[in-house]
1. Which pairs turn up if I take residues in region 49-66 that are within 15 Å of residue 29 (Cβ to Cβ) and look for partners that are among the charged types (D, E, K, R) and part of a helix (DSSP H, G or I) with beta carbon separation below 9 Å, at least 6 apart in sequence or on another chain?
2. Against the condition at positive phi and touching a Phe, Trp or Tyr at 6+ places or on another chain (Cβ under 8 Å), how does residue 19 come out, does it pass?
3. Tally up the residues in region 1-25 that are within 9 Å of the ligand (Cβ to nearest atom) and basic (Lys, Arg), please.
4. Are any residues in region 15-53 over 16 Å from residue 87 (Cβ atoms) and in a strand (DSSP E or B), and if so, which ones?
Amino acid sequence: MSSYYQRHIFFCLNQRPNGEDCCALHGAQAGFDRCKQQVKAAGLAGPGGVRVNKAGCLDRCAGGPVAVVYPEAVWYTFVDEADIDEIVRSHLRDGQPVERLMLPPSVGR
Ligand code: FES
């Protein structure tokens, strides 16, 4: 049985009150927007393809901004559009996780 989406990427867009550190302070929204745009432009969006979703805190804030791709459960951190474009091209489209952007396993809250 095939799954509804081939891949799912969740971006933490959590914003904390009082200026407390969170992914929203580190460009999370821009990364999410870029990813959505690139997935659509590549023709990957929709059933059988890729779904880009907002998420709340994923509890790995120290590595923020963070995103996670399923079904592989690969965690990423990113800084700019080029990083997002590489995740879209290499992992979401071609199934090759991007080693250089992976969040180290020890990074937590
Ligand atoms: S604020 Fe983004 S993982 Fe917690």
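The values are calculated or read from the model by the stated rules, or taken from the named source; none is laboratory data. None of these values were measured; they are calculated from a predicted model. Here the Cβ positions follow ideal geometry from the backbone for every residue, glycine too, while neighbour counts run over all protein chains shown.
1. Qualifying pairs under 9 Å: 52/36; 52/40.
2. Working: at positive phi: yes; touching a Phe, Trp or Tyr at 6+ places or on another chain (Cβ under 8 Å): no.
It is false that residue 19 is at positive phi and touching a Phe, Trp or Tyr at 6+ places or on another chain (Cβ under 8 Å).
3. Looking only at that region, the number is 1.
4. Within region 15-53, no residue meets the criteria.
Residues checked against (1) over 12 Å from the mean Cα position of the chain (by Cα); (2) surrounded by 16 or more Cβ atoms within 10 Å (Cβ to Cβ); (3) at pLDDT below 95:
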| residue | (1), (2), (3) |
| --- | --- |
| 26 | yes, yes, no |
| 33 | no, no, no |
| 43 | yes, no, no |
| 68 | no, yes, no |
| 75 | no, yes, no |
| 96 | yes, no, no |
